[in-house]
Amino acid sequence: DALRARIDRFAHFRTGLKMRKPEAFPVATVGDGAGGLVNRGFLRAYPERAGEVAATVQIAAPNTGLVSHYIANMLRLMRIPHAVVNDLDVASDFLAWMNGTGGTWVPTENPKKKRWKLDRAPVVAPEGHPTLAIAGKLTHVDSDGVVLLDSATLEGRIRAAVIEDPLANHLNLGAVFDIVALLARGFRADDRIWHRTVEIVARFLRGELAP
């Protein structure tokens, strides 16, 4: 399914969960990668239900998207559905809907490179809703090897916790190993990164992270 359909399915799941366990609500949501777009997308699609969510945590979520044609083959080899790959593209209709804005390619200091910049201030989350983006930063690059820091943090508009480490790659942030990513991107596994991710989530939900 495409991401918008997954958001609706997530909303249906939450409805059933609340019927069975009303005493558990509000509950925090944690989404990794595209899953982080689903949990933030729930707030966009159902803002009237924001009170059901104690906090929203994203791990390595591409909030402004990916340049999908660069990594599309790797994502498909990793069995990411074609519809999801399309939704992850920086210029997708899905991201324009979720962020409330599209973007434009703008020049950088390197004349051979451009970067995607949102056209205007995006929709982030309902006012006052606790939201955290956990992002990775590899050595010498402002990304986890897949998602740029600017994308993970919605160009700095989502409160962020950045793990800087030579092995803070996209998969280690979510405790995932994939042989395709190892061969194509050199993503070596290291459980230390996942443990740091879990610690950050726990500290955020306990209110222990510095503003």
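The values are calculated or read from the model by the stated rules, or taken from the named source; none is laboratory data. Bear in mind the structure is a predicted one, so any value in this text is a computation, not a measurement. Cβ atoms come from the backbone with ideal geometry, glycine included; neighbour counts cover every protein chain shown. These accessible areas exclude ligands, DNA and RNA; they are computed on the full protein's heavy atoms, side chains included. Shrake-Rupley method; radii C 1.70, N 1.55, O 1.52, S 1.80 Å.
Per residue, the average separation of C-alpha pairs within less than 8 Å and at least 6 apart gives the chain a relative contact order of 18 percent. Considering the chain as a Gaussian network with a 10 Å cut-off on Cα pairs, which listed residue, 126, 22, 62, attains the greatest mean-square fluctuation? Looking only at 126, 22, 62, the biggest GNM fluctuation is shown by 22.
Helical content alone sets the calculated 222 nm signal of the chain at -11500 deg cm²/dmol, taking -39,500 (n - 2.57) per DSSP H segment of four or more residues and averaging over every residue. Heavy-atom accessible area with a 1.4 Å probe sorts 27, 147, largest first, into 27, 147. Using a probe of 1.4 angstrom and keeping all protein chains present, the accessible surface of the chain works out to 53 square angstrom per residue. DSSP beta bridges confined to the chain are antiparallel in about 30 percent of cases.
Normalised size of the range 54-174, defined as Cα radius of gyration per 2.2 N^0.38 Å with N residues, equals 1.05. Within 10 Å, Cβ to Cβ, of residue 61, how many net charges do the neighbouring residues add up to if Lys/Arg are +1 and Asp/Glu are -1? Net charge around residue 61: 0.
Local charge for residue 131 was computed over the other residues whose Cβ lies under 10 Å away, with Lys and Arg +1 and Asp and Glu -1, and equals +3.
Of the residues 140, 12, the one with the largest accessible area comes first in the ranking 140, 12, computed with a 1.4 Å probe on protein heavy atoms. The value obtained for the chain, namely the Cα convex hull volume divided by the number of residues, is 132 Å³ per residue.
Taking Cβ atoms as reference points and 9 Å as the exclusive limit, the residues near residue 106 contribute a net charge of +3, counting Lys and Arg as +1 and Asp and Glu as -1.
The accessible-area ordering, largest first, of the residues 23, 52, 199, 109 stands as 109, 23, 199, 52, per a 1.4 angstrom probe.
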